[in-house]
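> The structure follows.
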Amino acid sequence: MATVKLTNVKKVYGKDTVAVDNFNLDIADKEFIVFVGPSGCGKSTTLRMIAGLEDISGGTIEIDGVVVNDLQPRDRNIAMVFQNYALYPHLTVFENMAFSLRLKKAPQEEVYEKVVKAAEILGITEYLTRKPRALSGGQRQRVAIGRAMVRDSKVFLMDEPLSNLDAKLRNQMRAEIILLRQKIDTTFIYVTHDQTEAMTLGDRIVIMKDGFIQQVGTPTEVFDMPDNLFVAEFIGAPKMNTFKTNLVYEGGKYYVTPYGAKIEVTGSKAEALRAKGIGSREIILGVRPEHFVLVSGKSSNSIPCAIRVNEMMGSELHLHVEEANGDRLVVRIPTIALDDEQRKSMGYGATIHVTFEGKVMHFFDPETERNILA
């Protein structure tokens, strides 16, 4: 059993620098929770308060129903993996991993069994006699994870553990963390600024901004129904396109009118608007880059755009385009859908026409920036 509960948790530095405010979250046993947000949003501070490395200024933190506000880190039965590995350079991999067990004066047989088992799970058995300087970044991170694993802790805390690795290693280690989660029964709390890590790792994601929780939900929930404009633009790469336009209700149907086009809202989005009794109004419309489609020419539901940047990503093109009023949009086009002539024609200044389906739209209030369907 390893539940974690944060109630009205607050952290203030000095007299009035609020780093985290009104943080409320219930984490279930064996759940993988990811705190994500831009630098300075309070995610690492929250993790450090759970670990006991930062005092809290208000509220309560409970682990397995026990309030741990005043407990030292060593008494909270947690394990933490840091961004910079924090390995002892003069000790071998084996001794680094065994360090906490040695402090507890665990029997030699237990130390050996736990270290070897963790090393086998992480694929670092062959490195047990080496010192950290002889390892790559990815191998050092495995050692840091292994050192935390041998402690049999109730809660596993990870503070941006992959941020020091290159892109290829990050992808590899992300997959290994997913596999690791299947092998050890514990609760994970993981901090990252990378929304790709958040989406692929988390059972639920806690999205933060300026010390406040913006939304808590599964990856599917925060992607399909972002609570507000910040979440909508933060989750997804490239970020969601947003622009002011009008939502029009006529003849029992809903339409949006971006840049002179008229596109019908369909599917569950239309049903939700109707159920809420929403009429014609000004909105901020959100459309993800991957939901734009190319059309062959100008029509009533298409938007003409001039290409400003063409980024060839292999399986897709990222087209940075500008419509007639000067607004910039990003459009993702699968390259498999294009022939050679079309690819060659998409250079700087070329005109394309794009549209999007009515079921992929997101609607935000221009004043509150809240999702009007959330």
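Rule-based calculations on the coordinates, nothing more; no lab input. Since this is a predicted model, take the numbers as computed values, not measurements. Note that each Cβ is placed from the backbone with ideal geometry, even for glycine, and that neighbours are counted across all protein chains shown.
> Which FRET efficiency value, to the nearest 0.05, is calculated for Ala350 and Lys105 with the Förster distance at 56 angstrom and r the Cβ-Cβ distance? Could you put the intermediate results ahead of the total?
Values: r = 72 Å, r/R0 = 1.28.
In this case the efficiency is close to 0.20.
> Can you give me the relative contact order of the range 241-364 as a percent, contacts being Cα pairs under 8 Å and 6 or more apart? Walk me through the numbers on the way to the answer.
On the way: 257 pairs, mean separation 38.6, N = 124.
That works out to 31 percent.
> Sticking with the crude label model, points 7 Å out along Cα→Cβ, report the distance from Ser136 to Arg308 in nm, one decimal please.
Placing both labels 7 Å beyond Cα along the Cβ direction yields 3.9 nm.
> On a straight-distance basis, which lysines could pair with Lys117 in a cross-link, Cα separation under 25 angstrom, same-chain partners fewer than 8 positions away excluded?
Those lysines meeting the cut-off are Lys30, Lys104, Lys105, Lys131, Lys154, Lys183.
> Which whole-Hz ³J(HN,Hα) couplings does the range 89-95 yield from phi under the Karplus relation 6.51 cos²θ - 1.76 cosθ + 1.60, θ = phi - 60°, glycine and proline marked x?
Whole-Hz 3J(HN,Hα) from phi for the range 89-95: x, 8, 9, 6, 4, 4, 5.
> Can you sort Val293, Val36, Val67, Val111 from fewest to most other Cβ atoms within 10 Å of each residue's own Cβ? Walk me through the numbers before you get to the answer.
On the way: Val293 15, Val36 26, Val67 12, Val111 21.
Ranking Val293, Val36, Val67, Val111 by Cβ neighbours within 10 Å, fewest first, gives Val67, Val293, Val111, Val36.
> How big is the antiparallel share of DSSP beta bridges in the chain, given as a percent to the nearest 5?
Numbers: 59 of 77 bridges.
Here the share of antiparallel DSSP bridges comes out near 75 percent.
> Give the order of Lys168, Lys269 when sorted by the count of other beta carbons within 10 angstrom, beginning with the fewest.
Numbers: Lys168 9, Lys269 18.
Final ranking by Cβ density, sparse to dense: Lys168, Lys269.
> Report the gain in length on full extension from Leu91 to Arg370: 0.36 nm times residue separation, minus Cα-Cα distance, nm rounded to one decimal.
Details: separation 279, 0.36 × 279 = 100.44 nm, distance 5.26 nm.
This chain segment gains 95.2 nm when fully extended.
> Ranked by Cβ crowding within 10 angstrom, fewest neighbours first, how are Thr46, Thr220, Thr355 ordered? If you can, show how the numbers build up before the last one.
Values: Thr46 27, Thr220 9, Thr355 19.
With the sparsest Cβ surroundings first, the list reads Thr220, Thr355, Thr46.
> Another one. Please compute the contact order of the chain in relative form: average sequence separation of alpha-carbon pairs under 8 Å and at least six residues apart, divided by the residue count, as a percent. Don't skip to the end; give the middle numbers.
Working: 755 pairs, mean separation 57.0, N = 374.
Relative contact order comes out at 15 percent.
> How long is the gain from Arg343 to Gln172 if the chain were fully straight, where each residue apart is worth 0.36 nm and the alpha carbon distance is subtracted?
Result for the pair: 58.4 nm of gain on full extension.
> Let me ask something else about it. Hey, what's the Cα Rg ratio for the range 241-364 versus the globular rule of thumb, 2.2 N^0.38 Å?
Working: Rg = 15.2 Å, N = 124, 2.2 N^0.38 = 13.7 Å.
Expressed relative to 2.2 N^0.38 Å, the Cα Rg reads 1.11.
> In addition: Given H placed on each backbone N at 1.01 Å, which residues far from Arg288 in sequence or on other chains put an amide H within less than 5 Å of it?
Asn241
> Can you give the extra length, in nm with one decimal, that the chain gains between Asp185 and Ala28 once fully stretched, where that is 0.36 nm per residue apart less the Cα-Cα distance?
Values: separation 157, 0.36 × 157 = 56.52 nm, distance 1.24 nm.
Between Asp185 and Ala28, full extension yields an extra 55.3 nm.
> Please compute the net charge surrounding Asn228, taking Lys and Arg as +1 and Asp and Glu as -1 over other residues with Cβ under 11 Å from its Cβ. Working shown, then result.
On the way: positive: Lys209, Arg370; negative: Asp227, Glu233, Asp365, Glu369.
So the environment of Asn228 carries a net charge of -2.
> Relative to the longest principal axis of the C-alpha atoms of the chain, give the angle of the C-alpha long axis of helix 108-122, reported between 0 and 90° and rounded to the nearest 10°.
With rounding to tens, the tilt is 20 degrees.
> Across the range 331-344, in residue order, what do the Karplus-derived ³J(HN,Hα) couplings come to in whole Hz, using 6.51 cos²θ - 1.76 cosθ + 1.60 with θ = phi - 60° and x for Gly and Pro?
10, 9, 10, x, 5, 5, 8, 10, 8, 4, 5, 5, 4, 5
> I've got another one for you. Cα convex hull of the range 30-139: how many Å³ per residue? Can you show the working numbers first?
Numbers: hull volume 17.3 nm³, N = 110.
Measuring per residue, one finds 157 Å³ for the Cα hull of the range 30-139.
> So what are the radius of gyration and Dmax for the Cα set of the chain, in Å?
24.9, 79
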